[in-house]
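The values are calculated or read from the model by the stated rules, or taken from the named source; none is laboratory data. These figures come from a predicted structure and were not determined experimentally. Neighbour counts are summed over all protein chains in view; Cβ atoms, including those assigned to glycine, are modelled from backbone coordinates with ideal geometry.
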Amino acid sequence: MIDETTGALPVEGMPAARVLDEIRALRAADRPTHGGRLFAYVYDPGVAGLDELAQAAYAESAHVNGLDPTAFPSLLAMENALVGAAARLLGGGPGTSAPDVVGSVTSGGTESLILAVKAARDARPDLTEPRIVVPVSGHAAFAKAAHYLRVALDPVPVDPVTLRPVVADVAAAIRPETMLVVASAPSYAHGVIDPVAEIAAVAAAAGVRCHVDACFGGWTLPWLRRLGAPVPPFDFAVPGVTSISVDLHKYAYAPKGVSVLLHRDPGLRAPQFFAYADWPGYTMVNPVIASTRSGGPIAAAYATLRHLGEDGYLRLAAVTRDAVAGLADAVRAVDGLRLLAEPESTVVCFTADDPGLDLFVLVDELTARGWHTQPQLAYAGLPASVHLTVTAAVAPRVAEFGPALAEAAAAARAAGPVVLPPELLALAGSLTPEALTPDLIGGLAAGLGLGAGPAPDRMAAVNTLLQAAPVRLRERLLVEFVGLLQRPTW
Ligand SMILES: Cc1ncc(COP(=O)(O)O)c(C=O)c1O
């Protein structure tokens, strides 16, 4: 464990082996990144030797700086190769209707989305109050982009059955100040693909850019389509789609830190860049948010794509598709559980129709059995749900998941729903974020077992409390609870 008296910086340097032992000891508390039992955060293809290759490639380029592509042409070459591969997969490049596609490699989906919003905003300096139209199923990173960039967000509800926005609602939300309309392919929460062609058409008719957030699914939908799945048009083949994001650290199975943001042509991309020459230092031009950037993630992604190849991704997509079908069957087999959406990508999302079966308790029961799923709070008429991101490594586990889910559901029923003290629930329902005092937060956190150190094994009470709170209070509580965790080790 970390030496409580010195933090990360001992007075005398430590031998390498001991340092690594420390890290390994810390890592033992983490959720398992491999092995197909963690249905969020990680993307594991289960391909022998791939980790070692990516690590070697990472090490090769870890100290290379993406700040200046003329100083490190290796990085520029690899970035351009990644952008080309992503563009080709998503309907762009020579011989397509989008031959001039260009792009940038970013650190992740959030950065890609922030830059898509920035490019759209800065292309419209005439707008004093620029706005973006985003279905509520769009990733939270759009709200973050709007917040960071001082852009107004016009949310569009989703149909509670299809979980997609209604195109007429998207059209109605577009105003003269709108400079970007968003569609997801698919949404993270439910894994459903928005009506991209129709949304892009209404955006184009209004003269507004349309970004397709394919961060999650952009690297799987094309392979699923090749395998015969009925994937609707969502990429540059759709007129009106001006930019697309796809994360290589998700279904391209690259280590974390790599996403690609594509624009249909260089003119659309230009306002994404930031250049500065009005200081006495080096002339600066940054295509992305970061200035100094490690070459490690880019080289690792490059190695991953080269090693897996089209045949590899196609095979992994087939394995994943079958795993999704198996997991969906497992959900259907449990009384009281219901798929929130029929899987059309690589997400299985289910809810509970039976009030005796508390989903948050079920999630804890699954965790206790070594299966890590992701609870999603009830929101705007949509019920609470459980999200499973399915990757290829899940396939060998599918047969075990069914019985584990049934057992966990029985245990959750036996335990009964979480019952929080009525006064606590009333407080959560009525408190305003401004009324939260440090004492109140400390008391709440202590009551829920939160504080310094790892989160408790059972999170059902925390989720129940958050769910009882209005959205703004949820946000504030999250900030406060995580703030309690982020304290320096002295
Ligand atoms: C659809 C979608 N967009 C954006 C993001 C944000 O990506 P990141 O976590 O890499 O910033 C995610 C992450 O899950 C996503 O699923």
Count, please, the residues in region 203-242 that happen to be more than 16 Å from the ligand (Cβ to nearest atom), within 20 Å of ALA119 (Cβ to Cβ) and out of contact with any Pro (no Cβ under 7 Å at 6 or more places or on another chain).
-> 10
May I ask you to list the residues in region 119-151 that are touching a residue at least 60 places away in the same chain (Cβ under 8 Å), away from the ligand (no atom under 11 Å from the Cβ) and either under 18 Å from the mean Cα position of the chain (by Cα) or surrounded by fewer than 21 Cβ atoms within 10 Å (Cβ to Cβ) (or both)?
-> ASP122, ALA123, VAL136
Of the residues that make up region 406-422, is at least one modelled with pLDDT of 90 or more, surrounded by 12 or more Cβ atoms within 10 Å (Cβ to Cβ) and in contact with a Ser or Thr (Cβ under 7 Å, 6 or more places away or on another chain)?
-> yes
Is there a residue in region 286-295 that is within 16 Å of the ligand (Cβ to nearest atom), touching a residue at least 60 places away in the same chain (Cβ under 8 Å), crowded, with 24+ Cβ neighbours inside 10 Å and at negative phi?
-> no
Within region 285-304, residues being assigned to a helix (DSSP H, G or I) and either over 20 Å from the mean Cα position of the chain (by Cα) or β-branched (Val, Ile, Thr) (or both) number 6
Which of the residues that make up region 163-186 are more than 13 Å from ALA206 (Cα to Cα) and in contact (Cβ under 8 Å) with a residue 60 or more places away in the chain?
-> LEU163, PRO186
Which listed residue is within 13 Å of the ligand (Cβ to nearest atom) and out of contact with any strand residue (DSSP E or B) (no Cβ under 7 Å at 6 or more places or on another chain), from SER112, SER187 = SER187
Options VAL182, VAL167; residue that is within 16 Å of the ligand (Cβ to nearest atom), under 23 Å from GLU198 (Cα atoms) and buried (at least 16 other Cβ atoms within 10 Å of the Cβ) | VAL182
Among the residues of region 452-490, the number that are small (Gly, Ala, Ser) and either surrounded by 15 or more Cβ atoms within 10 Å (Cβ to Cβ) or touching a residue at least 60 places away in the same chain (Cβ under 8 Å) (or both) is 4
Using the structure shown, decide if LEU305 is within 30 Å of LYS118 (Cβ to Cβ), within 16 Å of the ligand (Cβ to nearest atom) and among the aliphatic types (A, V, I, L, M).
-> no
Expected single match for farther than 24 Å from ASP457 by Cα and either exposed (fewer than 12 other Cβ atoms within 10 Å of the Cβ) or without any contact (Cβ under 8 Å) to a residue 24 or more places away in the chain (or both) among ALA71, ALA87, ALA57 is ALA71
Mind listing just one residue for me: the one in region 100-109 that is of a type in the set (S, T, N, Q) and in contact with a Leu (Cβ under 9 Å, 6 or more places away or on another chain) and, of those, farthest from the ligand (Cβ to nearest atom)?
-> SER104
Could you grab me the full set of residues in region 358-389 that are more than 25 Å from TYR251 (Cα to Cα) and buried (at least 20 other Cβ atoms within 10 Å of the Cβ)?
-> ASP358, LEU359, PHE360, VAL361, LEU362, ASP364, GLU365
Mind listing just one residue for me: the one in region 146-195 that is part of a strand (DSSP E or B) and hydroxyl-bearing (Ser, Thr, Tyr) and, of those, nearest to GLY109 (Cα to Cα)?
-> SER184
Within region 227-285, tally of residues that are exposed (fewer than 14 other Cβ atoms within 10 Å of the Cβ) and closer than 17 Å to VAL208 by Cβ | 1
